[in-house]
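Report on the structure given below.
The values are calculated or read from the model by the stated rules, or taken from the named source; none is laboratory data. Every value quoted in this text rests on a predicted model; they were computed, and no experiment measured them. We place every Cβ from the backbone using ideal geometry, glycine too, and count neighbours over all the protein chains shown.
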Amino acid sequence: MKKQFKTKGEAEVIELKNQLIRALADYDNLRKRTDLEKEIWIKFASERILVALLPVLDSLEEALKHLQDQGLAMAVGEFKKIFSEEGLEEIQPKVGEEFNHEIHEVIEVEDDGQKDTIAEVTLNGWKFKEGKVIRFAKVKVFTGKKLTDK
């Protein structure tokens, strides 16, 4: 049943109001979509920078092992603080832990030891707190074979 309007002008006003409501809803959806895309691009750019800085941090940490310099230790600490503020956490596997393919990368296997456990950690990894790994921890893993089993 179609609603009857008193005048043609009244029908036009209602039609224009409906068009305005749709246009405002479309604009609001566009604004939300562009805000989300902007957020994604910022996160992507941030991730690229963080990944590029990881080798620098690795070099500083390696130098710190040999030099034991307090200033260098502070610089490494600042790097890690910034990474944490950007939502990253370090993956620090331990010898004897079970190998986890979601956060570890096997670079070498060794005989003896308990099968699928970490024999040695060669490089710590990094991941976002919400879960995306940006660098897998590099580990050596035991095969579980005895040297005499060959």
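Checked across the stretch 98-107, the condition of being at pLDDT below 95 and either surrounded by 15 or more Cβ atoms within 10 Å (Cβ to Cβ) or of a type in the set (Lys, Arg) (or both) holds for no residue.
Each residue in the stretch 44-83 was checked for being outside any helix (DSSP H, G or I) and either in contact with a helix residue (DSSP H, G or I) (Cβ under 8 Å, 6 or more places away or on another chain) or surrounded by 11 or more Cβ atoms within 10 Å (Cβ to Cβ) (or both), and 1 of them qualify.
The rows are residues; the columns are (1) hydrophobic (A, V, I, L, M, F, W, C); (2) in contact with a Pro (Cβ under 7 Å, 6 or more places away or on another chain); (3) farther than 30 Å from residue 141 by Cα; (4) not assigned by TED's automatic domain parsing to the domain that holds residue 140.
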residue: 21; (1), (2), (3), (4): yes, no, yes, yes
residue: 27; (1), (2), (3), (4): no, no, yes, yes
residue: 37; (1), (2), (3), (4): no, no, yes, yes
residue: 64; (1), (2), (3), (4): yes, no, no, yes
residue: 80; (1), (2), (3), (4): no, no, no, yes
residue: 100; (1), (2), (3), (4): no, no, no, no
residue: 110; (1), (2), (3), (4): no, no, no, no
